[in-house]
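First the structure, in the form of structure tokens, and then the observations on it.
The values are calculated or read from the model by the stated rules, or taken from the named source; none is laboratory data. The model shown is predicted, which means the values in this text are computed figures rather than measured ones. Cβ: placed from backbone, ideal geometry, glycine included. Neighbour counts: every protein chain shown.
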Amino acid sequence: MLTLDFHPVGRHFLQIPGPSPVPDRILRAMSLPTIDHRGPEFGALGLKVLAGIQRVFKTAHPVMIYPSSGTGAWEAALVNVLSPGDHILMYETGHFAALWARLALRLGLQPEILGWQGGDPALPNAPGWRHGVQASQIEERLAADKEHRIKAVCVVHNETSTGVTSDIAAVRRAIDAAKHPALLLVDSISGLASADYRHDEWGVDVTISGSQKGLMLPPGLGFNALSPRAIEASKTAKLPRSFWAWDEIIEANRSGYFPYTPNTNLLYGLSEALEMIEGEGLEKIFARHKRWSAGVRRAVDAWGLPVQCADPDLHSPILTGVILPVGVDADALRKTILERFDLSLGAGLGKLKGRTFRIGHLGNSNDLTLLGTLAGCEMGLKLGGVNLAGGGVHAAMDYFAQVPSEAMAA
Ligand SMILES: *Cc1c(COP(=O)(O)O)cnc(C)c1O
């Protein structure tokens, strides 16, 4: 008989870059009885979370909260502002960007995919999966589109498959420099509430996010943050939509309600998460993630393994991708580490299956949890026969001991 024992003694180390560990405080808030989603109490909860999530996106405009995964919120963004056959410009920074492009294709859109140009001996089959969006390429392509056939530019803020961020403000500047009317759509599913993000200031038209990464919630909520231009575009866009349609949601949200049954208990969780996030302050949260990322990199560097992100300015504060020597199977390594040390690490995705693994360092964590995580990695790498240059855990310990979080403030 199959036994589902997901909870052996001690805490499982869930160090994948989402779902991230859910704080007990949030789990407790979610355990309260489900209430009438048309009753008076619900409206107050709805208004609270809708206002709170706007502050996290840094927007004064409406934010849609869907009972969906991030993929649903990707689809919602596209179907609300685009029409069948529309040309869109996407940029392949990794597996998630590629999946979003596939989704666009299935919706009947015509994505044109840009990507980093150049080779990489460490990852010859996916050289671009070590870099961020090159805004100059977007500017050049848009400037050549004199007839304005391109309706939207779609980029991923924090590419969770690689551990590389992209400069969203630079993408905005590129669109403006080309004097092009395309909408800017950004996936910050794993960036939101862990890495600096400014929906309004950066002129983003739709930001897509999800609950199970920086917001520290279980999976099950998807978000679209809108701009006035995106709302205008939605009034004439022709892709079929009903469940995802913004108009009825915006209307119902005015009084804190939803047009259909929302994910009530996850909204209790969101309410609690917002209190935790605002209690600590977004800037402190960003600094803490940058510091964790730097500490984890110290360990990877000491091991002598390449960090996947090749651009020192673009290291993800949320996760670190690690490239293994050719011949070492990353999936076998992760399996050993899980079985021996009850530690879950992220897999190499898509083209990088078996070549890389990813260490999540986001959300509800701390220095000692990360040191435990690095110890699990180090032991696993040794068991897997990987020749390590030196002790990574010690290097990270030295870093964490020496560098206070305040030192990382922007
Ligand atoms: C997690 C993630 C997704 C997919 O979200 P799901 O909730 O799994 O549908 C998309 N993009 C990025 C950048 C992600 O990190």
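Points to keep in mind about this one:
- Any chance Ser242 is outside the structural domain of Leu362 (by TED's automatic domain parsing), free of Cβ contacts under 8 Å to residues at least 12 places away in the same chain and out of contact with any Gly (no Cβ under 9 Å at 6 or more places or on another chain): yes
- Looking only at the range 202-228, and only at residues there that are more than 12 Å from the ligand (Cβ to nearest atom) and surrounded by fewer than 24 Cβ atoms within 10 Å (Cβ to Cβ), the one that is farthest from Asp247 (Cα to Cα): Trp202
- Evaluation of Arg106 against (1) within 18 Å of the chain's Cα centre (by Cα); (2) within 15 Å of the ligand (Cβ to nearest atom) (one fails), failing number: (1)
- Some residue of the range 132-151 being more than 16 Å from the ligand (Cβ to nearest atom), free of Cβ contacts under 8 Å to residues at least 60 places away in the same chain and part of a strand (DSSP E or B): no
- Condition broken by Pro62, with the remaining ones in (1) within 30 Å of Gly281 (Cα to Cα); (2) within 16 Å of the ligand (Cβ to nearest atom) satisfied: (2)
- Residues being among the β-branched types (Val, Ile, Thr), surrounded by fewer than 16 Cβ atoms within 10 Å (Cβ to Cβ) and either in contact with a helix residue (DSSP H, G or I) (Cβ under 7 Å, 6 or more places away or on another chain) or assigned to a helix (DSSP H, G or I) (or both) are entirely absent from the range 311-320.
- Flag: Arg297 matches the condition of being part of a helix (DSSP H, G or I), free of Cβ contacts under 8 Å to residues at least 24 places away in the same chain, out of contact with any Gly (no Cβ under 7 Å at 6 or more places or on another chain) and not assigned by TED's automatic domain parsing to the domain that holds Gly222.
- Condition check for Val171: within 23 Å of Leu267 (Cα to Cα), within 16 Å of the ligand (Cβ to nearest atom), among the aliphatic types (A, V, I, L, M) and more than 14 Å from the chain's Cα centre (by Cα): no
- Residues within the range 321-338 that are free of Cβ contacts under 8 Å to residues at least 12 places away in the same chain and either touching a strand residue (DSSP E or B) at 6+ places or on another chain (Cβ under 8 Å) or crowded, with 23+ Cβ neighbours inside 10 Å (or both), tallied: 1
- Cβ-Cβ under 7 Å pairs, at least 6 apart or on other chains, the range 376-388 side under 16 Å from Leu338 (Cβ atoms), far side of a type in the set (Ser, Thr, Tyr) and at pLDDT below 95: none
- Test result for Gly72, assigned by TED's automatic domain parsing to the domain that holds Arg130 and more than 16 Å from the ligand (Cβ to nearest atom): no
- For the range 10-34, a residue qualifies if it is farther than 25 Å from Phe357 by Cα and either modelled with pLDDT under 95 or crowded, with 17+ Cβ neighbours inside 10 Å (or both), and the qualifying residues are Ile26, Ala29, Met30.
- Residue in the range 180-195 that is of a type outside the set (A, V, I, L, M, F, W, C), away from the ligand (no atom under 14 Å from the Cβ), modelled with pLDDT of 95 or more and in the same structural domain as Gly94 (by TED's automatic domain parsing) present: yes
Let's see how each residue does on (1) of a type in the set (A, V, I, L, M); (2) buried (at least 20 other Cβ atoms within 10 Å of the Cβ); (3) out of contact with any strand residue (DSSP E or B) (no Cβ under 9 Å at 6 or more places or on another chain):
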{"position": "Ala76", "(1), (2), (3)": "yes, yes, no"}
{"position": "Leu82", "(1), (2), (3)": "yes, yes, no"}
{"position": "Asp86", "(1), (2), (3)": "no, yes, no"}
{"position": "Gln134", "(1), (2), (3)": "no, yes, no"}
{"position": "Leu142", "(1), (2), (3)": "yes, yes, no"}
{"position": "Asp145", "(1), (2), (3)": "no, no, no"}
{"position": "Cys154", "(1), (2), (3)": "no, yes, no"}
{"position": "Gly163", "(1), (2), (3)": "no, yes, no"}
{"position": "Ala170", "(1), (2), (3)": "yes, no, yes"}
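- Residues of the range 105-121 include at least one that is charged (D, E, K, R) and surrounded by fewer than 16 Cβ atoms within 10 Å (Cβ to Cβ).
- Criterion violated by Leu345 - all others in (1) without any contact (Cβ under 8 Å) to a residue 12 or more places away in the chain; (2) in contact with a helix residue (DSSP H, G or I) (Cβ under 8 Å, 6 or more places away or on another chain) satisfied: (1)
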